[in-house]
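For reference, the structure is listed below as structure tokens.
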Amino acid sequence: MGDFKENIKPFFWVENISSTSVCLNTGSFKPEIFETRADEGFEGNGYDWTSLAKVFLDERYADLTDKVKFDPEAAMFCAYSSDPDALKTFIIAFKEACENETLIQDVFSRAELD
């Protein structure tokens, strides 16, 4: 679990009694993703990250769409699930995608402003 938490940074893992969450304080991680569509109103806030994550989930991990839910705020992206393994699968893949500029820009091109 230690390596896992290290590997998903700056996302952070939160275990609660009934569900597990993975969150991100927005603003400092990969702002350049959202700058490409700033003229459309994207700011890189929690809602924008959720729009991006939903497209990624729908296209790449459709089998997890019923298990991974989102609860964003302006300054925070947050995904949660009662199935920690599903959430772990999602966040590892999503973080990896965010590190791949070409892939994440392609996914982001289909994100819709919330």
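Values in this text are rule-based calculations from the coordinates and carry no lab data. Everything quoted here is computed from the prediction, not taken from an experiment. Ideal geometry is used to build each Cβ from the backbone, glycine not excepted, and the neighbour counts take in all protein chains shown.
A compact table of results
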item: Rough spin-label spacing in nm, given labels placed 7 Å along Cα→Cβ, for residue 28 and residue 105; result: 2.6 nm
item: Unit charges at the beta carbon, dipole of the chain: most positive-side option, 94, 22, 109; result: 22
item: Pairwise label distance in nanometres, residue 36 with residue 83, each label 7 Å out on the Cα-Cβ vector; result: 3.0 nm
item: Dipole magnitude of the chain, debye to nearest 20 (Cβ charges: Lys/Arg +1, Asp/Glu -1, about Cα centre); result: 300 debye
item: Förster-model FRET efficiency, 22 Å R0, residue 9 and residue 63, C-beta, rounded to 0.05; result: 0.25
item: Expected 222 nm ellipticity per residue - DSSP helices of 4 or more, -39500 (n - 2.57), all of the chain, to 500; result: -12500 deg cm²/dmol
item: Electrostatic dipole magnitude of segment 40-97 [Cβ: Lys, Arg +1; Asp, Glu -1; Cα centre; debye, to 20]; result: 160 debye
